[in-house]
Amino acid sequence: MTTIAVAKRAAMAALAGSWRKAGSSIGFVPTMGALHRGHAALIERARRENNRVVVSVFVNPAQFSPTEDYGRYPRAFTADKQLCAACGADVVYHPSVKEVYPDGFSTFVEVGPLGRLLDGKFRPGHFRGVATVVLKLFETVRPTRAYFGEKDYQQLAIIKRMSQDLDLQTLVVGCPTVREADGLALSSRNAYLSTAERAKAPRIHEALLLGERLAARASSGRKVEACVRRRILRTLPGARIDYVRLVDAETLEAVGLPKARLRLLAAVRLGKTRLIDNIPVSL
Ligand code: AMP
């Protein structure tokens, strides 16, 4: 399988247009690169379900605040291209920042209430940047299907909402979180962890699993959240918790128990690294 790299928006749009004209379906996997098995699972699924596959690699400055890690975010384009080829992608689209945000760029997607909850509280403007770049990438590639990980559960919910609200032609497909053997969700940011932090990081997932068990007999979501928080602080001394929330799996709002489809989400800072994770909870 030869995978070609395309850097120009017009060339990417023309290639995807020629595929559509030939009747091919297009699967699309937007990423920020530093690809791992979690990304690979998305690309492989896109490969199985479509005639053509495009992976974008673009570290999107619009979704980082000035105090965040845009500058040091891992970049590994040669290895990324190899992984894309091994997973059967036809194209890696890797535009420059100027290509995506030329001089004078000034239009952004305004995300509704979903963008103000959870991560939205701690990363103001983050989802506005995500939604804007995803809409632009969709418009360039015009994919039949686009694949997103449940690892970034709120992002997936926001992209689904945007697709519905703005009548986008692309079907948004959510894919399960890929984990290390010890339960840690794969993330490009795991590379920031020190050896000691990496050894302790799976305790976040363990605490979420505890929450899942407690939810079956708890009288309120708040009690579950408090127990999960306590477990994290006890097993990860020095960790700072941004949030632990048990919410409706679709609206991401707090709900009374019992409720059929819930999601338990957490964001935790370990040293300089901010980790997020979530699991489904069904009662
Ligand atoms: P990123 O490069 O971190 O922006 O992620 C690109 C896409 O890969 C997003 O849809 C993520 O949700 C997804 N992704 C990242 N990590 C994982 C994982 N461990 N399992 C499944 N999908 C993932």
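The values are calculated or read from the model by the stated rules, or taken from the named source; none is laboratory data. Please read these numbers as outputs of a predicted model, since none were measured by experiment. FYI the Cβ positions are ideal-geometry reconstructions off the backbone, even for glycines, and counts take in every protein chain you see. Keep in mind that these areas ignore ligands, DNA and RNA; they rest on the heavy atoms of the full protein, side chains included. Shrake-Rupley method; radii C 1.70, N 1.55, O 1.52, S 1.80 Å.
Listing for the model above:
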| item | result |
| --- | --- |
| Simple label model, 7 Å out from Cα along Cβ direction - S282 to S96, nm | 4.9 |
| Using alpha-carbon coordinates, inclination of helix 9-21 to the longest axis of the chain, degrees | 80 |
| Whole-number accessible area per residue in Å² for the chain, which is evaluated in the context of all protein chains at 1.4 Å | 47 |
| Degrees, to the nearest 10: 126-141 long Cα axis against longest axis of the chain | 30 |
| Trypsin sites (Lys or Arg not before Pro) within segment 216-254: DSSP coil, no more than 15 neighbouring Cβ in 10 Å | R217 |
| Packing-based order for 108-120, 69-81, using average beta carbon neighbours within 10 Å, highest first | 108-120, 69-81 |
| Calculated FRET value between T2 and K121, using beta carbons and R₀ = 51 Å, to 0.05 | 0.70 |
| L209-N51 FRET efficiency (beta carbon distance; Förster radius 51 Å; 0.05 resolution) | 0.85 |
| Degrees separating the helix 203-215 axis from the principal Cα axis of the chain, which is the longest one | 60 |
| Cross-link pairs beyond the 32 Å C-alpha cut-off, checked among K8/K200; K81/K272; K8/K121; K151/K259; K21/K151 | K8/K200; K8/K121; K21/K151 |
| Length gained when the stretch A226-A14 is fully extended (0.36 nm per residue, less Cα-Cα span) | 71.1 nm |
| Per-pair calculated FRET efficiency, R0 = 25 Å: R75 and K272 via Cβ, rounded to 0.05 | 0.90 |
| Solvent-accessible area, 1.4 Å probe, carbon plus sulfur percent, for the chain | 53 |
